[in-house]
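Report on the structure given below.
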Amino acid sequence: MMESSQYEASKLSGRNRRLLYEWQKLEEGLKGRPDINWRVERTNADGLPVSYRIDYYQRSICGVTDVAHLNEEGVTNKPLYADHFVMMLDLPAKYPCVDGAPVLHFLTADNGEEMPHPWHPNIRYFGAFAGRVCINMVDTYTDLLWGVRRVAAYLRYDTYHATLEAPFPEDLQVAAWVRQQGEPNGWVRVERIEN
């Protein structure tokens, strides 16, 4: 695979120019970060990235002790933790148009083996769309680096939306747990990894 420095932005089409911009921003913005590793997973016909794998190495909640009795009165569900989460960041053919927003989703299984995925009200935990991230990007000019950093803030619980009002949580069951148990018990403030 070519390096981003081998491309000249002025010689690229609009979409390819944006793909190069995003690639270079990720290289620059994540350089030397021990808590986030990334790699290009797939490229377009011109060799520019359209899919990334993002590995987060930070302690975060990945479930609760008694999910079968989630949010039942009188049942305490303490958080379970993991230190590694894998997210895929895919750019559809219409990216960066409004109807071609980046798709961010955490892997929930690898080669048939279950793997930890985040327990966060803005990341789907249950159902067919488990792992889907609700990023609420400001607009189509928001760069991918902002999204990768925002997800890191999700994992630290520096930012989350658990109330039943717009823009609404991605996972209502996890949001209810956050409001009913996570916040009252101080479990949603996960310690940061110091750089």
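General remarks:
- MRE, 222 nm, helices only [DSSP H, n ≥ 4, -39500 (n - 2.57), over the chain, to nearest 500]: -5500 deg cm²/dmol
- As a fraction of the 1.4 Å probe accessible area of the range 77-148, surface on carbon and sulfur atoms comes out at 56 percent.
- Between the range 89-162 and the range 9-23, the alpha-carbon center distance in angstrom: 23
- Rolled with a 1.4 Å probe across the full set of protein chains, the surface gives Arg149 an accessible area near 110 Å².
- Accessible area of Ile135 (1.4 Å probe, protein heavy atoms only, ligands and nucleic acids ignored): about 20 Å².
- Angle between the chain longest axis and helix 144-155 axis [Cα atoms, degrees, rounded to 10]: 20
- When Tyr160, Tyr21 are compared by accessible area of protein heavy atoms, the largest-first order is Tyr21, Tyr160, using a 1.4 Å probe.
- The range 1-138 - percent relative contact order, Cα under 8 Å, separation 6 or more: 16
- Rolling a 1.4 Å probe over the protein chains gives Trp38 an accessible area of about 60 Å².
- Counted charge near Leu107, where neighbours are those whose Cβ lies closer than 11 Å (Asp, Glu -1; Lys, Arg +1): -3
- Taking Cα atoms only, the orientation of helix 14-30 departs from the longest principal axis of the chain by about 60 degrees.
- Average accessible surface for the chain: 53 Å² per residue, computed with a 1.4 Å probe over protein heavy atoms with every protein chain in place.
- Principal axis box of the chain, alpha-carbon based, largest edge first, Å: 63, 32, 32
- Projected over every direction and averaged, the convex hull enclosing the alpha-carbon atoms of the range 21-89 yields 6.5 nm².
- Top positive-direction residue, dipole computed over the chain with Cβ charges, set Ser10, Asn185, Asn71: Ser10
The values are calculated or read from the model by the stated rules, or taken from the named source; none is laboratory data. Worth saying up front: this structure is predicted, and the values here are computed from it rather than measured. When we count neighbours, we look across all protein chains shown, and the Cβ atoms used for this are built from the backbone with ideal geometry, even at glycine. Just so you know, the surface numbers come from the protein's heavy atoms only, side chains and all, with ligands and any DNA or RNA stripped out. Shrake-Rupley method; radii C 1.70, N 1.55, O 1.52, S 1.80 Å.
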